[in-house]
Every structure is written in structure tokens, then in C-alpha cells.
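The values are calculated or read from the model by the stated rules, or taken from the named source; none is laboratory data. Fair warning: this is a prediction, and the values are worked out from it, not measured in the lab. Cβ sites come from the backbone with ideal geometry, for glycine too, and all protein chains shown count toward neighbours.
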Amino acid sequence: MTELIRRSLRDSKAARWGALGIISITMFAGYFLTDVMSPLKPMLETEFGWSSTSYGIFTSAYGWLNVFLLMLIFGGIILDKMGVRFTGLLSSFIMVIGAAIKYWAITNPTLVDHTIWGIHAQVFLASIGFAIFGVGVEIAGITVSKIIVKWFKGYEMALAMGMQMAVARLGTMLAIAAPVPLAMYFSNIHTQVVNGELVEKMGPSISAPIAFALVLLVIGFIAFFIYVGMDKKLDASEAANGEEAEDPFKFSDIGQIVTNKGFWLIAFLCVLFYSSVFPFIKYAADLMVNKYGLDQQTAGIIPSLLPLGTLFLTPLFGGVYDKIGKGATMMIIGAVLIIFVHTIFALPILNTWVVAVILVIILGIALSLVPSAMWPSVPKIIPEKQLGTAFSLIFWIQNWGLMGVPLLIGYVLDKSNPQVAIAKAQGLEVPLYDYTNPMIIFAALGFLAIIVSLLLKREDRIKGYGLELPNIQK
Ligand SMILES: NCCCC[C@H](NC(=O)[C@@H](N)CCCCN)C(=O)O
């Protein structure tokens, strides 16, 4: 009889996986909007006269407020103080507002020939929207991480984190594959920049995929309200069973987190690893056009294989970590794969799409290995009551990379290819970009990630965090 008595709602498999399903919808929408502009880079250049630097500025905006105004850190503190319900609703709402501003900037033709502080006005305002959205999606990310720990500790935590990331990657995949067909389908007559002049012309609708993303985000916001109901029931069930409430968060906790060497190694690995993958995704479709000779219409297909592979592999590797362990080793292997892939991309040989497909698939394996081991390792290093703040600090450090690297890549791309700007200014046929230098930067990040992952394994041996041990408690 006693086996039938449940201690808490989270002891019900259906309840915890149901909760995970609901919050995954919100993150799916967030990841879709995050990458929706990536395959549109060539169109932004031809329709609105953006340069690679403009695109780099826009892409880097994701981290502006998170990094410089410390919004992520405040988000983590709010999360630990106010809880997952309030923070989740707030962050989903911020995502909707940011996406709406970005949509407005992209649809507003009068912005096309203005500048703000020397930046193309459309780029500037779309960037503001993306920066606000970036605050929302990042805070939603740490909230969701804390929610998963809350429901899955002692259960299939890595698998759950892997499943949530897989659903989010589905958003990334859709964001790489769908925007160009959507923009072409909704082609209309609108203002474009042709040789520096504004003209009314038939062309693809760049705003259509963003409108689609906005609708998804509203659905994600509504979904979070449903989660709030489940979270209340979880708390009630735990209170009824006399489970102890967590110690409240104290500011001195921050001191404890930042004096933990394991925390820093995870944070550095996080920034190096993610800076060599997510900013790469922003340029991947363009790389396929310029290095592998694909046309704009099909260029998104190969990069979309990257998140596709992760859909299956992230939960799979998460399950391996739960049952067998070897988290630190998985991170090292992932970092080795990164340097391999980017080095081959950088070499001015093997310029055939088959090689690009193979490399993207290997990168997908890396993007499954490292996150499925890294994120479930954080609760092994940091106590649960400090997790919101710890995740937010890790995300904050990571956002420096997510902000700085795309900007650097856009800049390096323009500097290494001055012939492109000259041709555009003269109204000549635009030559191809040479991507060697940007890819060397990505490979260098992979190299640093290997060093940090080795240091992390060593630290685990010294401190006994248990990163090589399974997560499921027998
Ligand atoms: N439990 C933690 C999950 C983190 C997942 C991780 N996301 C991030 O690191 C975000 N800060 C950045 C997301 C950028 C979206 N393109 C992930 O692997 O997606």
C-alpha cells in the first residue's frame, strides 16, 4: 500500500513530463525567433542594403542588455527571490514585446534610408527589439532550467534537460529552414534599397517569418500560464507532505558561487563552446552560399541538419549521462569535435556540399554532447537554492560571446572582403565572401574549449563533484 502513496506531484511521471512539455513550447517559440533572421542575411543585404557589419550589429544585439545592463544577473536574482511562476510569465511577456518591436522595424519602410547614431535606422531599431527579446528569452532559459531541476531532481534530469533542448532546437531548425520559403511565398511590392535609392519593387516579404515567430511567442506566453497552474499544484503537494521549503536566497550566495572554481570552468566552457556554435549558425546559410556554391533558396537546408541531429542526440546523450555518467568526458569529446569541424570549414579545399553536410552533422553531435552533459552538471557543483543565480551568471558570461562573436565575425567578413562593399557601391554584381578568417576564429574558440574541458575534468577529480557519475539515484 505504501508504494501507492505519492510524496509530491513530481513523483508522478505524467505530471513532470507534462510540465516539461508545456514549458518547452515557450522555449521552442523563443528559439525560433532567435534564429529566424539567419537565413535571411542575403535578402537583408539585397532588399534593405544591410552590410555584414549591420547584420553582425543586429545579431549581437541579443546580448546588449543582458551583458551591459546586467539584465540576466538581475533576472537570476529575481528568479531566486520571486520564483519560477512570476519570472517565467515576465520573461515570456518580454519576449513578445521585443519581437513586436523587431517586427515593426522590419516592416517599416520609412526607416530604410535613415540612420541613428551612424547606424542604419532599421538595423538600430530591429536591434533594440532583438535586445529586449534577448533579455526575455535568456531569463526564460534560466527559469526553465530551474523548473526542470525542481521537477526532475533525483529522476531523469539530464534526459529532461535534453528533451527540452531538443524541442528548442526544433525551433532553431525551423528558423533556419522556413524563413526563406515563407518570405518568398508572401512576396509583395514594398520599399527596397537599390543602389542606395529607395524604390517600390516586388520582392520577398522579410517580415512574414517574423510575424509567424510573433504568433508562436504569444502561444508560448499563453502556455506558460498553464504551467503556472501546475507549479502551484506541485508546491501545494510538497507543502501537504511536509517537504521543507528551500532556504531563501541571500546576496552572500553570489560570493559563494563566484569563489567556486568549478563554476568558473563550466562558465568558461559554456562561453567558448556556445560562441563557436550559435554565432556560426547565424552565418551558416551565408557560408553555404559563399563557400559551397548553394543558392539562397536551398542554403538553409544543410545548416538545418545541425539542430535536426540534436533533436535525437541531446536526449540520447542526456539519458547516457543519467544512467552511466561520464559527463566531463562527454564535454571533452564535444570540444574536440568543434575544433575538427571548424578547421575543415576554414581550409580553402573540399568545397563540395557533401563535405558541408558531413561537417554539419558532426557539429550537431558536438551540440548534443556538450549541452546534455554541461547543464545537468551545474546542480552537481552549485546548491539548488543558488541555481537561478548560478545559471544566470553562466548565461551572462555566455552572452558576452553570443554578443561579441557575431559582431566580430561580421566585421572580419567585411574587412577580409573589401571587394564586396566596392561592388555593392558601384552597383556591380556582388562577388562571393571568403569565409576563411571567420572560420579560423571559430576553430580557435574550439581549441580553448578543449583546454577548459580538460581542466574541468581535473577539477572534478580533485573536488569529487561527481561529473563522471550517473544522475539517477538508485
Ligand atoms: N538547462 C540550461 C539549458 C540551456 C540551453 C542552452 N541555451 C543557452 O545556453 C542560452 N543561454 C542561449 C540560447 C541561444 C539560442 N540560440 C542551449 O543549449 O540552447
Scan region 385-407 and give yes if some residue there is more than 16 Å from the ligand (Cβ to nearest atom) and closer than 30 Å to GLY83 by Cα, otherwise no. yes
With respect to the numbered conditions (1) closer than 30 Å to GLU468 by Cα; (2) surrounded by fewer than 24 Cβ atoms within 10 Å (Cβ to Cβ); (3) of a type in the set (A, V, I, L, M, F, W, C), which one is the sole condition not fulfilled by VAL355? (1)
Would it be correct to say that THR143 is part of a helix (DSSP H, G or I) and away from the ligand (no atom under 15 Å from the Cβ)? no
Exactly one condition in (1) within 16 Å of the ligand (Cβ to nearest atom); (2) out of contact with any Asp or Glu (no Cβ under 6 Å at 6 or more places or on another chain); (3) among the small types (Gly, Ala, Ser) is not met by GLY154; state its number. (1)
Per the filter on region 8-36, residues within 12 Å of the ligand (Cβ to nearest atom) and assigned to a loop (DSSP other than H, G, I, E, B) are VAL36
Complete set of residues in region 286-300 that are modelled with pLDDT of 90 or more and more than 16 Å from VAL412 (Cβ to Cβ): MET288, VAL289, TYR292, GLY293, LEU294
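Yes/no per residue for (1) outside any helix (DSSP H, G or I); (2) within 17 Å of the chain's Cα centre (by Cα); (3) within 29 Å of TYR155 (Cβ to Cβ):
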residue	(1), (2), (3)
VAL354	no, no, no
PRO371	no, yes, yes
LYS380	no, no, yes
ILE397	no, yes, yes
LEU408	no, no, no
ASP414	no, no, no
The condition from (1) part of a helix (DSSP H, G or I); (2) more than 16 Å from the ligand (Cβ to nearest atom); (3) surrounded by fewer than 20 Cβ atoms within 10 Å (Cβ to Cβ) that ILE73 misses is numbered (2)
On the basis of being charged (D, E, K, R) and not in a helix (DSSP H, G or I), does GLU459 make the cut? no
Which numbered condition trips up GLU138, out of (1) of a type in the set (D, E, K, R); (2) crowded, with 20+ Cβ neighbours inside 10 Å; (3) over 18 Å from THR59 (Cβ atoms)? (3)
Matching residues in region 298-330 (outside any helix (DSSP H, G or I) and more than 17 Å from LEU432 (Cβ to Cβ)) number 4
As an exercise: evaluate SER416 against (1) within 16 Å of the ligand (Cβ to nearest atom); (2) surrounded by fewer than 18 Cβ atoms within 10 Å (Cβ to Cβ) and give the number of the one condition it does not meet. (1)
